[in-house]
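Contents: one structure, followed by commentary.
Please treat every number below as a calculation from the coordinates, not as lab data. A quick note: this is a predicted structure, and the numbers were derived from the prediction, not measured. Please note: Cβ atoms are built from the backbone with ideal geometry, for glycine as well, and neighbour counts cover all protein chains shown.
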Amino acid sequence: MWIEVFKSKIHRVRVTQAELHYVGSITIDEALMEAANIIEGEKVQIVNINNGERLETYVIRGERNSGVICLNGPAARKVQVGDIIIIIAYALMPFEEAKKFKPTMIFPDENNRIV
């Protein structure tokens, strides 16, 4: 049996941009992606602390150490610049492996920088 488990989390980052007229996705600072073990193109869930919105999209690599967190396309309507969000990635794995798996969690500072 395979199950979907929590793999990675970028906890409480601030939205720096929202670009409605874009194909779609979330742009994340490459340094944050690396630290959280998230790759470009990976499906993520976005949870907005400010308004309770939850959505899924895929990741685009942003400029390293820029602090960029940008919701693109229709997702831009679900946030305001300055909102605090949590970015979560999941993985499928065999049940027994999942029991031992340890997720990666990062807690950036108020400027979306790795502490």
May I ask you to compute the full-extension gain from Lys99 to Arg54, defined as 0.36 nm times their residue separation minus their alpha-carbon distance, rounded to one decimal in nm? 13.6 nm
When a footprinting reagent is the concern and you count Cβ atoms within 10 Å, what order do Ile114, Ile26 take, fewest first? Ile114, Ile26
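Could you list Asp83, Asp109 so that the one with the fewest beta carbons within 10 Å of its beta carbon is first and the one with the most is last?
On the way: Asp83 19, Asp109 12.
Taking fewest neighbouring Cβ atoms as first place, the list is Asp109, Asp83.
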Take the alpha carbon atoms of region 41-115, find their center, do the same for region 9-26, and report the distance between the two centers in whole angstrom. 9
If neighbour count is taken as other Cβ atoms inside 10 Å, put Val68, Val23 in order from fewest to most. Val23, Val68
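In nm, what is the difference between 0.36 nm times the number of residues separating Val47 and Ile84 and their Cα-Cα distance? The partial results should precede the final answer.
Details: separation 37, 0.36 × 37 = 13.32 nm, distance 0.87 nm.
Gain on extension, Val47 to Ile84, equals 12.5 nm.
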